[in-house]
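Please treat every number below as a calculation from the coordinates, not as lab data. These numbers come from a predicted model, not from an experiment. Please note: Cβ atoms are built from the backbone with ideal geometry, for glycine as well, and neighbour counts cover all protein chains shown.
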Amino acid sequence: MKQIEKKVLKKITPTVEYREKIKKVVKELEDKIKKETKKRKLPVDIIVVGSIAKDTYLMNNMDIDFFICFPTNFKKEKIAKKAISIGNIILKDTEESYAEHPYLRGYYKEYYVELVPCYKIEKSSQKLSAVDRTPLHTEYVKKHLKKTQKKDVRLLKQFLRGINCYGAEAQIQGFSGYLCEILILYYGSFKKLIEEAKNWKQGIKLFLKKGEFADFDTPLIFIDPVDSERNVASALSKKKFDFFIKASKNYQKKSDTTFFFPNPIKPWTIQKIKNKIKKQDCKYIGIKFKEPDIIDENLYPQLRKAESSIKQACEKKDFKIYDAQFFIDKKINEIFIIIKTAKKKLAETKIHQGPPIKLIDNVNQFKKKWVNNKKLVKGPFEKNKRIHVEIKRNYRDIKNFLEKNLTNLSLGKHLDKKITKNYEIIELEKLLNENLRIFWTDYLDEKDPWER
């Protein structure tokens, strides 16, 4: 093991004192949950799952996950309601989330806790909801992960945190904790995984048990050893898959602790941001609106959908879109969708292509449609064996197009409501503000996290 990795492990491996502290907190929580379940006369098992149970958690960086396992004859609505009522008594600053059925998140003292209802099963084929597998995942890892491999899991988790690829939640779209654990089981060590990752190609399929498995349309496929119909890497985006490969290659070339603990972004001055943008042959347009009051699991997919819908709508009208990014300003609860586009306005007219000349009926219909149209500038005329017309554009400026059409686009259930009520199309000057300095620095800087 490299000296750098030993240094990182000293920092991230829980100390004896920390372990005892966590053990005490977990016992307190377990006792409180049991007390509440007994009050309600619920025939349930209380199970600690996740990294705490598997001893793969990181020092000062972990969640406590409790599962309340109900008999399979209980209705889903009932198990969710019971678990949430218990959680609301024990935890503070609670928030309901959803994974087929609701569960609760909140804090116990300074620790982040998830309280999840599930069904008690012995094998995945008995599952009634996706979360029912989680206790089986915990048992599988506890049984197969060697004590010496726990350090490799910790290194992998911290490496992924350092390059912002850790977590399967919608905000990150990266590697889950369970995926980290079974990757170490597959490759044997952090060192071997990093060496092999440089050879990964999109669609690579890994499995710990032999068999015939379904294909999945994801960059990485890792068949769940507990449930052969499931891909553990289903949440991993192509962007994060590619970035992990890039980081692995760079780490092999020149290892550094900054891969695990990158230096924080130092925001550029507004003037430096302006100077960088001036060198680009493009312009930026922003869409600003209030953040809807929904959980991240719902917000981030909708923002990605909005980005895609806006990009497609603009491109359909011949606007050149180089990029689209969103930024959530938590200080003022506002969202910015920032579009990078061409500087010049579109030409006043465009050539509109019709059907092939040989399709006489279609050509006649096309001519009938356009001959007396007010938008017609030239034609109809033949070119490359097809009929064409030259027509005036409805929109030459992207800002004007968005102002008139944004509310007609499908941006996502909650975003549609927010944008319909109030939004603003803003140009670069208003996008160059103090709250967006971190965004612009990160976006315009050509350095990767480990190079800062």
One finds, for GLN312 and GLU122 with R0 = 35 angstrom and r their Cβ-Cβ distance, a FRET efficiency to the nearest 0.05 of 0.15
Taking a point 7 angstrom from the Cα of LYS109 along the C-beta vector, which residues in the range 33-65 have backbone N less than 20 Å away? 33-36, 47-65
The range 3-133, dipole about Cα centre (Lys/Arg Cβ +1, Asp/Glu Cβ -1), debye to the nearest 20: 380
With the cut-off at 1.5 for a/c, could you classify the range 254-334 from its C-alpha gyration tensor as rounded, prolate or oblate? oblate
Name the shape class, rounded, prolate or oblate, that the alpha-carbon gyration tensor gives for the range 90-182, where a ≥ b ≥ c are the square roots of its eigenvalues, rounded holds for a/c under 1.5, and otherwise prolate holds if a/b is larger than b/c and oblate otherwise. oblate
Amide N of the range 86-122 lying under 16 Å from the label point, which is placed 7 angstrom from the Cα of GLU28 along Cα→Cβ: 89-93, 106-114
For an R0 of 22 angstrom, estimate the FRET efficiency from the Cβ-Cβ distance between ASN73 and GLU96 and round to the nearest 0.05. 0.35
A correct Karplus calculation of ³J(HN,Hα) over the range 389-406, with 6.51 cos²θ - 1.76 cosθ + 1.60, θ = phi - 60°, whole Hz and x for Gly and Pro, returns 9, 9, 10, 6, 7, 6, 9, 10, 10, 5, 4, 4, 4, 5, 4, 8, 10, 4
Per-residue HN-Hα couplings for the range 19-25 [Karplus 6.51, -1.76, 1.60; θ = phi - 60°; Hz; x = Gly/Pro]: 4, 5, 4, 5, 4, 5, 5
Give me the extension gain from ILE328 to LYS7: residue separation times 0.36 nm, minus the current Cα-Cα distance, reported in nm with one decimal. 112.1 nm
For Rg and Dmax of the Cα atoms in Å, which listed value, [x] 25.5, 92; [y] 27.1, 85; [z] 21.0, 66, comes from the coordinates shown? [y]
The answer for GluC sites (Glu not before Pro) in the range 312-404 that fall in a DSSP coil and have at most 14 neighbouring Cβ atoms within 10 Å is GLU348
Starting from the Cα-Cα distance between LEU428 and GLU139, subtract it from 0.36 nm times their residue separation and give me the gain in nm to one decimal. 98.7 nm
With r defined as the distance between the Cβ atoms of LYS210 and GLN280 and R0 fixed at 45 Å, what FRET efficiency is calculated, to the nearest 0.05? 0.30
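Expressed as a rounded percentage, what relative contact order does the chain have, with Cα pairs under 8 Å and six or more residues apart?
12 percent.
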In degrees rounded to 10, the 0-90 angle between helix 177-187 Cα long axis and the longest Cα principal axis of the chain is 80
Can you give the extra length, in nm with one decimal, that the chain gains between LYS254 and ASP442 once fully stretched, where that is 0.36 nm per residue apart less the Cα-Cα distance? 65.4 nm
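Which loop GluC sites (Glu not before Pro) in the range 411-452, with loop taken from DSSP, have no more than 16 other Cβ atoms within 10 angstrom of their Cβ?
Those that pass, being in a loop and sparsely packed, are GLU446.
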